[in-house]
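Take a look at the structure below.
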Amino acid sequence: MRRTVEEALLPALVALLVAAVVGDVLILSFGQSPGSVYRLLIDGTWGNAYGFGQVLYKTTTLTFTGLAVAIGLRAGLFNIGAESQLAAGGFLAGLAGLMLPMGLPALATLPIYIVAAAAGGAIVGGIPGVLKARFGAHEVITTIMLNFIVLALLNYLTAAHLKVEGTLHTAEIHAGALPRLSSMIGAFRGSAANVVLFLALITAAAVAWFLFRTRRGFELRATGLQPAAAEYGGVNVGGVWWRTMALSGALAGIGGLNYVLGYKHYYEESFASGAGFLGIAVAIVGRNNPIGVVVAAFVFATMSQGGLAVNAVVPKQIVDVLQAVVIIAVAASVPEVRRLARARSAA
């Protein structure tokens, strides 16, 4: 158990240490004090309620896209399409909101929104899964291509048929909008954080239960480790592939509720920009573990919001560089940490 914890935590700690060192060098190259810049970053994120609320809002979306990528990687599949799956989920949720009768309470409509968002993401994610299972088409290629197709199609439908004149978004949903955290905690006033955050945490717990406590989860993990052995043991590998991609897409799709249901209350073109691809980084740093994904999502959300906080003294692109450094450091440190853990165990 101790070895497992070490292998899970040490790569992330090493990555953060390396990122801090690289960050110091970059900040010094701009003639600024690393201590003052990091202090500004903390003050703009965890140091005030608005900044912390923005971190929680971004954490929510990244948790969903991180879980989507992570569950695919557990099955040996690389889902690059979380961007379009997130957008499709938000679009169908927004469409459902326009069709529902006005005045319905959130508790009555929330299941409908979840099903709509999950269906949107599952359709977009399931198509590459079926192509993989039926024809052997590589999911990286098909999900990348679907990103362009789906996003262009959604933009066309919004611009041609649904948008409010003079805007890039639909009309506001008629029913069931979820409250922001500021309605419960006044200090969060102005931030986009909303109660979809709790749905993200519940979803992460549900994914952990599915992966490690169910037969389908075992088959998924076995397929990811060794497809041939899993098939020899009676697992329908093709079925696992398409179901996993559909589930991955559904998880990303539900993330669209954070914007459509909890923040703006309408669907807007390009609202998902970047969140799907950053979910790949979240899954990698979180080691494809649902709990690790939540922690990694919080870290990357902090860095994303922190980039805006420090932009007055250093370019916010420094934070983008640090995010890349974290990913590279995690990938490089994992084999070494495992080697050291095995050596200690043998000793």
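We did not get these values from a lab; they are worked out from the coordinates using the rules stated. Computed from a predicted model, the values in this text were never measured in an experiment. FYI the Cβ positions are ideal-geometry reconstructions off the backbone, even for glycines, and counts take in every protein chain you see.
Compute for segment 59-293: radius of gyration divided by Kirkwood radius, i.e. Rg/Rh, restricted to C-alpha atoms, rounded to two decimals. Write down the numbers at each step before the final one.
Values: Rg = 17.7 Å, Rh = 17.8 Å.
Result: Rg/Rh = 0.99.
Excluding residues fewer than 8 places away in the same chain, name every one of the lysines whose C-alpha is closer than 28 Å to that of LYS316.
LYS58, LYS264
With an 8 Å cut-off on Cα pairs and a minimum separation of 6 or more residues, tell me the relative contact order of segment 59-293 in percent.
Values: 481 pairs, mean separation 104.0, N = 235.
Answer for segment 59-293 is 44 percent.
Fewest first, what order do TYR263, TYR38, TYR232 take by the number of other Cβ atoms within 10 Å? Each step should come with its number before you reach the end.
Details: TYR263 22, TYR38 16, TYR232 10.
In order of increasing Cβ crowding within 10 Å: TYR232, TYR38, TYR263.
Neighbour counts of other C-beta atoms within 10 Å: give me SER333, SER183, SER191, SER84 arranged from fewest to most. Spell out each step's value before the answer.
Working: SER333 18, SER183 12, SER191 22, SER84 30.
So the ranking, lowest neighbour count to highest, is SER183, SER333, SER191, SER84.
Which order results if THR109, THR167, THR244 are arranged by neighbouring Cβ count within 10 Å, fewest first? Write out the running numbers ahead of the final one.
On the way: THR109 22, THR167 12, THR244 29.
Lowest count first: THR167, THR109, THR244.
Which of GLY166, TYR232, ASN48 sits farthest toward the positive end of the charge dipole of the chain, with +1 on the Cβ of Lys and Arg and -1 on the Cβ of Asp and Glu?
TYR232
Go ahead and estimate [θ] at 222 nm for the chain from helices alone: -39,500 (n - 2.57) per DSSP H run with n ≥ 4, summed, over the residue count, rounded to 500. If you can, show how the numbers build up before the last one.
Details: 14 runs with 251 residues, N = 347.
Computed mean residue ellipticity for the chain: -24500 deg cm²/dmol.
With a point put 7 Å past each Cα toward its Cβ, work out how far ALA159 is from MET184 in nm, to one decimal.
Label at ALA159, label at MET184, 3.9 nm between them.
So how strong a dipole does the chain carry about its Cα centre when Lys and Arg Cβ are +1 and Asp and Glu Cβ are -1, to the nearest 20 debye? Present the calculation step by step, with values, prior to reporting the outcome.
Numbers: 22 positive and 14 negative charges, 197 e Å.
It comes to approximately 940 debye.
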